[in-house]
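Chemist: This structure is in structure tokens; I'll ask about it shortly.
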Amino acid sequence: MGLLDKLRGELIDIIEWIDDTRHTLVWRFPRYHNQIKNGAQLIVRPGQQAIFVHRGEVADIFEPGHYTLTTDNLPILSTIMGWKHGFDSPFKAEVYFVSTRQVTDLKWGTPNPIMLRDPDFGPLRLRAFGTYALKAIDPKALLEELVGTDGTFETDELTELMRSIIVEAFADLIGTQQVAALDLAARYREMAEDLRKSVCERIDDEYGLEVPQLFIVNISLPEEVEKALDTRSSMGVIGDMNRFQQYQMGQAMMAAAENPSGGGAAEGMGLGMGFAMANRMVQGTAAMPQAAAPPPPPSVATWHVSVNGQTSGPLTAQQLAQGVASGQYGPQTYVWTAGMPNWLPAAQVPQLAALFGATPPPPPPA
């Protein structure tokens, strides 16, 4: 092989990028002294763009397709080089391939808690994390602002920058919307879309990047606050605390009775639970409404008696009956009790008429 054939072999005939990576945004095509043949083939695959750079100045940009490089499809480079009737082979230029497909499964999170004034719990510290996708929409801006002269530019080089932008936008979002901590989970999708738009406004014009997808996976509270919320929820599920404690003590007593090997410790525990149960029962009894007292017995009727202008009494019906039996009072003896308008003979009072039985007829003749 002669020297001319060797030099001819070192000149570029096909320019292409077979991307077998998932996180490469920009790749510079390797070349021998930047030399490209007249009529070289350029292959730009779907999800790529090719950028020609001459002496640090961005020239022509090619969309996906198959091109034969001539002055017809290199108008800017032809103007820079002063080609009027075609160019002599070879010419020198740097070729950068930019991936325009989405780079997914990128993660973001808050390295430090974000302070929030919650309407229910007061000041709170929140942490958040999620995922996002990244896509180049302006290869020229990306090349000028971030890539520079790097031969390969990976998404790892953007991780810290994107995380800072997303966390800053997230802090502004929760500070503006003022969503209660207990309502955050119900608004993940809405907040994620608002956060995505805010991030895109900060990166699309300056860096030529877009975030087509952004997700909030979780927003968490401090561990001690979550434990307090769990305790509060448990109390709400239990309901009546007194009945729950009685149930627990009953279960513990049954467990102690089924464990005869407990010895003195089990007996002491059983005695303590017995006292506690007795105390609960006393408290329950005290809390029960007391039964109404029986009404007083009806009052006993009392009588006043007038004999020969002298009144005596008050007398009970039994005392009056004894006086009648002894002949002290007769059917014409005047009596009076409460409710009677006047004094009446005892025989005319219905309550006392039974004391004076009917006079028996005379005995039959012998």
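Chemist: Please tell me if I114 is over 58 Å from the mean Cα position of the chain (by Cα), surrounded by 14 or more Cβ atoms within 10 Å (Cβ to Cβ) and at pLDDT below 90.
Modeler: Considered against the rule, which asks whether it is over 58 Å from the mean Cα position of the chain (by Cα), surrounded by 14 or more Cβ atoms within 10 Å (Cβ to Cβ) and at pLDDT below 90, I114 comes out as no.
Chemist: Output the residues belonging to region 135-193 that are part of a helix (DSSP H, G or I) and polar (S, T, N, Q).
Modeler: Of everything in region 135-193, those that are part of a helix (DSSP H, G or I) and polar (S, T, N, Q) turn out to be T155, T159, S164, T176, Q177.
Chemist: Another question about this same structure. On the basis of being of a type outside the set (V, I, T), in a loop (DSSP other than H, G, I, E, B), in contact with a helix residue (DSSP H, G or I) (Cβ under 9 Å, 6 or more places away or on another chain) and at pLDDT 80 or above, does P331 make the cut?
Modeler: Answer is yes for this residue.
Chemist: Exactly one condition in (1) at pLDDT 85 or above; (2) more than 30 Å from F97 (Cα to Cα) is not met by A228; state its number.
Modeler: Failed condition: (1).
Chemist: Another question, then. In region 299-328, which residue that is outside any helix (DSSP H, G or I) and of a type in the set (G, A, S) is modelled with the highest pLDDT?
Modeler: By that ranking, first place goes to S306.
Chemist: If you don't mind, there's one more thing I want to ask. Among the residues of region 196-215, is any under 16 Å from G109 (Cβ atoms), within 16 Å of the chain's Cα centre (by Cα) and modelled with pLDDT of 90 or more?
Modeler: no
Chemist: List every residue pair whose Cβ atoms sit under 9 Å apart, with the two residues 6 or more apart in sequence or on different chains, where the first one lies in region 216-229 and is assigned by TED's automatic domain parsing to the domain that holds P113 and more than 17 Å from D118 (Cα to Cα) and the second, anywhere, is in a helix (DSSP H, G or I) and among the aromatic types (F, W, Y).
Modeler: Note: pairs meeting the criteria are I216/F170; I216/Y188; V217/Y188; N218/Y188.
Chemist: I've got another one for you. Just to be sure before I move on: is D19 in a loop (DSSP other than H, G, I, E, B), of a type in the set (D, E, K, R) and in contact (Cβ under 8 Å) with a residue 12 or more places away in the chain in the structure I sent?
Modeler: So D19 passes the test.
Chemist: Might you let me know whether region 139-154 holds any residue that is closer than 13 Å to W27 by Cβ and touching a His at 6+ places or on another chain (Cβ under 6 Å)?
Modeler: Yes, region 139-154 contains at least one residue that is closer than 13 Å to W27 by Cβ and touching a His at 6+ places or on another chain (Cβ under 6 Å).
The values are calculated or read from the model by the stated rules, or taken from the named source; none is laboratory data. From a predicted model like this one, the values you see are computed outputs, not experimental measurements. So basically every Cβ, Gly included, is an ideal-geometry build from the backbone, and we count neighbours across all protein chains shown.
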